1. Being among the aliphatic types (A, V, I, L, M) and either touching a Phe, Trp or Tyr at 6+ places or on another chain (Cβ under 6 Å) or surrounded by fewer than 16 Cβ atoms within 10 Å (Cβ to Cβ) (or both) is true for just one of Leu142, Leu178, Leu111, Leu125. Which residue is that?
2. Yes or no: the range 85-97 includes at least one residue that is part of a helix (DSSP H, G or I), within 18 Å of Asp355 (Cβ to Cβ) and in contact with a helix residue (DSSP H, G or I) (Cβ under 7 Å, 6 or more places away or on another chain).
3. In this structure, does Ile441 turn out to be at negative phi, in contact with an Asp or Glu (Cβ under 6 Å, 6 or more places away or on another chain), among the aliphatic types (A, V, I, L, M) and not in a helix (DSSP H, G or I)?
4. Ser470 is checked against (1) surrounded by fewer than 18 Cβ atoms within 10 Å (Cβ to Cβ); (2) without any contact (Cβ under 8 Å) to a residue 60 or more places away in the chain; (3) under 30 Å from Gly20 (Cβ atoms) and fails just one. What number does that condition carry?
5. Need the failing condition index for Asn116 against (1) under 20 Å from Val58 (Cβ atoms); (2) buried (at least 20 other Cβ atoms within 10 Å of the Cβ), just the number.
6. Only one of (1) more than 21 Å from the chain's Cα centre (by Cα); (2) in contact (Cβ under 8 Å) with a residue 12 or more places away in the chain fails for Ile206. Which number is that?
7. Quick check, is Asn294 modelled with pLDDT of 95 or more and touching a Ser or Thr at 6+ places or on another chain (Cβ under 6 Å)?
Amino acid sequence: MQKSESEFMTLIKSISGIRGTIGGPVGENLTPIDAVKFAAAYGEWLKQNRKKENYRVVVGRDARISGKMIQNLVMNTLIGQGIHVINVGLSTTPTVEVAVPMEHADGGIILTASHNPKQWNALKLLNEKGEFLDAVEGAKILDIAESGAIDFADVDSLGKITKNDAYIDLHIIEVLDLPLVTVKPIERAKFRVVVDGVNSTGGIAIPLLLERLGVDVIKLHCEPNGHFPHNPEPLKEHLTDLSEAVRKYNADFGIVVDPDVDRLAFMDENGEMFGEEYTLVACADYVLSRTPGNTVSNMSSTRALRDVTEKYGGTYEASAVGEVNVVKLMKKNKVVIGGEGNGGIIYPEAHYGRDALVGVALFLSLLADKNISVSALRKTYPNYFMSKKKIQLTPDLDVDGILKEIENRYQNERLTTIDGVKIDFAESWVHLRKSNTEPIIRIYTEAKSQEEADTLADKFIEELGAIASS
């Protein structure tokens, strides 16, 4: 079978981890040799950073087809370095994040390529707090990988692998114990919910959480076999099955997560998208109503979070894109809730990581409290419309030069350049940036209507093309 351009010769080494497509030449894809190389670099960094006698790392994976292979390579590399591994098996990104401090481990690795299609996989790297590494730490690991300066253990000092399948259950207990999660009112509401688990670990974790909350769960694509039934990014155009199921079963709403369960989107009782951007807005509305304070999201997220935050007397600030950047600003501003507009809820009361389980529990608590339909809830929030488009990059493109030209052209507008170029107009905005995870430029726009948002995005796509060809 002929492969498309996105299916081969792709290995992205960045501070957020190592991501690539399975198969193909070494150094150009995420091959077994590349997986071992970067796992070993992480293990070496861990030793240099922690300076202890014994080291422990939690390793888990989503359900994608290559997951077991990559996980075995990673775990055996670590034990070859004398590092003990806690294998949590099929898991979620937030579950591994929770497991690291619970295990008093020195770090964690999640094998997942998040929303990318099945041919992709990645090593996501965590520190001893169960949080993603910052730019400095990530750069050190890349340097170690390239230098090859890695020591392995002798035969009497090899690490051991310990299996622990309890962490999804333990994670759920942690979520249910959050003070703002109102278990009894949720049980009394007798919600009926359809869950699209995209045949990954969300199909395990989300139904288990809902059942503990007394919700009537209808499972859709919840077999964790890694054969994604649709594009795994939780966007409207990929979710026709969920829309039909919500209407067919007369459900109160639908839930969809990405393969590693750190992104969360809802569908209302009519089978219409609640809006991925509004996952954080709704959860923040609930948290701020109980614990007023400040919020943070990234620069590509809706203005609606700012509006809701100010309604409760708090202050909103935007960070550069990337979970580690959001978390850094959240800690600095001592926020009560934050996250990313792609459906990523970060609730510090739980932990500093995007967590769809936390988001589901907060959303259900909000619905039980307001006692209204999901479509009615959506109408209570400011109405913004977003367009999310992208341009495939070719090696010869001078992306930084193109973005600099855009910056020059719009220098009289309100510009932010901490992450690409964001231009804030009076009634709309556009954010242009290189992706950290794919060879693309992302073009995000927001306006008062979908037509305006799409038109603005198309205008900038055309402008970027004209600059590139000039």
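1. Among Leu142, Leu178, Leu111, Leu125, only Leu125 is among the aliphatic types (A, V, I, L, M) and either touching a Phe, Trp or Tyr at 6+ places or on another chain (Cβ under 6 Å) or surrounded by fewer than 16 Cβ atoms within 10 Å (Cβ to Cβ) (or both).
2. Taking every residue of the range 85-97 in turn, at least one turns out to be part of a helix (DSSP H, G or I), within 18 Å of Asp355 (Cβ to Cβ) and in contact with a helix residue (DSSP H, G or I) (Cβ under 7 Å, 6 or more places away or on another chain).
3. When the stated conditions are applied, Ile441 does not pass them.
4. (3)
5. Asn116 satisfies all of (1) under 20 Å from Val58 (Cβ atoms); (2) buried (at least 20 other Cβ atoms within 10 Å of the Cβ) except (1).
6. Unmet for Ile206, out of (1) more than 21 Å from the chain's Cα centre (by Cα); (2) in contact (Cβ under 8 Å) with a residue 12 or more places away in the chain: (1).
7. Spelling it out, Asn294 is indeed modelled with pLDDT of 95 or more and touching a Ser or Thr at 6+ places or on another chain (Cβ under 6 Å).
Yes/no per residue for (1) over 19 Å from Tyr316 (Cβ atoms); (2) assigned by TED's automatic domain parsing to the domain that holds Tyr312; (3) not polar (S, T, N, Q):
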residue	(1), (2), (3)
Arg354	no, yes, yes
Leu357	yes, yes, yes
Leu364	yes, yes, yes
Asn371	yes, yes, no
Val374	yes, yes, yes
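The values are calculated or read from the model by the stated rules, or taken from the named source; none is laboratory data. Because the structure is a prediction, the values reported are computed rather than measured. Neighbour counts run over all protein chains shown; Cβ positions are idealised from the backbone, glycine included.
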